[in-house]
1. Failed condition for Thr150, given (1) part of a loop (DSSP other than H, G, I, E, B); (2) over 25 Å from Leu293 (Cβ atoms); (3) free of Cβ contacts under 8 Å to residues at least 12 places away in the same chain, with all others met?
2. If you go through the range 155-175 one residue at a time, do you hit one that is out of contact with any Ser or Thr (no Cβ under 8 Å at 6 or more places or on another chain), of a type in the set (Asp, Glu) and either buried (at least 17 other Cβ atoms within 10 Å of the Cβ) or at pLDDT 95 or above (or both)?
3. Can you find a residue that is under 28 Å from Ala44 (Cβ atoms), of a type in the set (Phe, Trp, Tyr) and part of a loop (DSSP other than H, G, I, E, B) anywhere in the range 63-71?
4. Among the residues of the range 248-272 satisfying the criterion of being of a type in the set (A, V, I, L, M, F, W, C) and surrounded by 19 or more Cβ atoms within 10 Å (Cβ to Cβ), which is nearest to Gly199 (Cα to Cα)?
5. Looking at the range 261-275 only, could you name the residues that are of a type outside the set (Lys, Arg), outside any loop (DSSP other than H, G, I, E, B) and closer than 17 Å to Ala155 by Cβ?
6. What about Phe87, is it part of a loop (DSSP other than H, G, I, E, B) and either of a type in the set (A, V, I, L, M, F, W, C) or modelled with pLDDT under 95 (or both)?
7. How about the range 113-127: which of its residues are under 12 Å from Leu83 (Cα atoms) and among the charged types (D, E, K, R)?
Amino acid sequence: MNVLVTGAAGFIGFHLARRLLEAGHTVTGIDNLNSYYTVNLKNARLSELGIDISKIDGGQPVKSAVYQQFEFIKLNIEDRERLPQVFERGRFDVVVNLAAQAGMRFSINEPFSFIDSNIVGFTNVLECCRHSQIKHLIYASSSSVYGSNTKVPFAETDRTDNPVNLYAATKRANELMASCYSSLYGIPATGLRFFTVYGPWGRADMAPMLFARAISSGEPIRVFNGGDLLRDFTYIDDIIDSLMLVLTKLPESQADGRRHKVYNVGCSSPVRLSDFIALLEDALGYKAEKQMLPMQPGDLYQTFADSSAFERDFGFRPKTSVAEGVKRFAEWFKWYNSQTGLTSELWH
């Protein structure tokens, strides 16, 4: 299978590209390597995939020295001239769109970053899929689309018209846009609402990485709402297992002919943030100094996935416990720091 992975230097994109390559697929990865969080971590992921970082700034395809069937291109998905060229050259079977401006709190201060990447960029991806006769578009949505819903667990049939931040609104817009393109142009499309993904090589701006680094260096961690937040933490391997299953199965046609489906992908076992911190303290072998802060604007009190639809259609549901996942994450984090050091430029 010939697969385009957008956001290939990101957390999920990196893991998916590596799994696809290990399974023998051909992969083209693109990423704009923006500075929302440390570019050095993104570069380190690409290096793991065999990409020579010194060669990527020219915007030309760079072949992997580790995986013969992998190449990487530094590119914005909103580039309406170059992205179609990548599609024309690549002749992809499947597109997995993981490129997006992330960060619910960040969307409060930088709204245009989200419009550019998540709306304009996603439209460009859809147009390229339309003109390239892509067999299947898979794209990342988010648990944040459930907004201020109080009914839990969140099911795909629940209301999604009350987002509490712009990030969530753009992700819901992506679902509607993909459904529209499926109806108009027959593009099979599957959206996955991911729930609080964590694990090795995770995003530097998310709580597990922020906490681990601060705890290990004796710095205080910021704990919002006194640690009374519930998150359906989902380990990265379970997310990748889910994506690999979706790759092989097209959504069925609906009554109106469109082939579009949206699924929750989460553990269905919310964990209180204070309990997650305690697990991380034990795994790292240090106690955290906590700075208690109020609830942040645009944040959610809880996420809780009803993943029964995905289990019904694919025979799988995330299975890694938070205790096991935190242990694996901490082991990787200690290894990574042994290679780089907590004060290394790789963190900045």
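1. (2)
2. yes
3. Scanning the range 63-71, I find at least one residue that is under 28 Å from Ala44 (Cβ atoms), of a type in the set (Phe, Trp, Tyr) and part of a loop (DSSP other than H, G, I, E, B), so the answer is yes.
4. Cys267
5. Scanning the range 261-275 gives Val262, Tyr263, Asn264, Val265.
6. no
7. Glu127
Residue-by-condition table, conditions (1) part of a helix (DSSP H, G or I); (2) within 17 Å of the chain's Cα centre (by Cα):
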| residue | (1), (2) |
| --- | --- |
| Ala169 | yes, yes |
| Leu192 | no, yes |
| Pro208 | yes, yes |
| Arg213 | yes, no |
| Ile239 | yes, yes |
| Gln254 | no, no |
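The values are calculated or read from the model by the stated rules, or taken from the named source; none is laboratory data. Bear in mind that the values here come from a model prediction, so they are computed numbers and not experimental data. Positions of Cβ are generated from backbone atoms using ideal geometry, with glycine treated the same way; all protein chains shown enter the neighbour counts.
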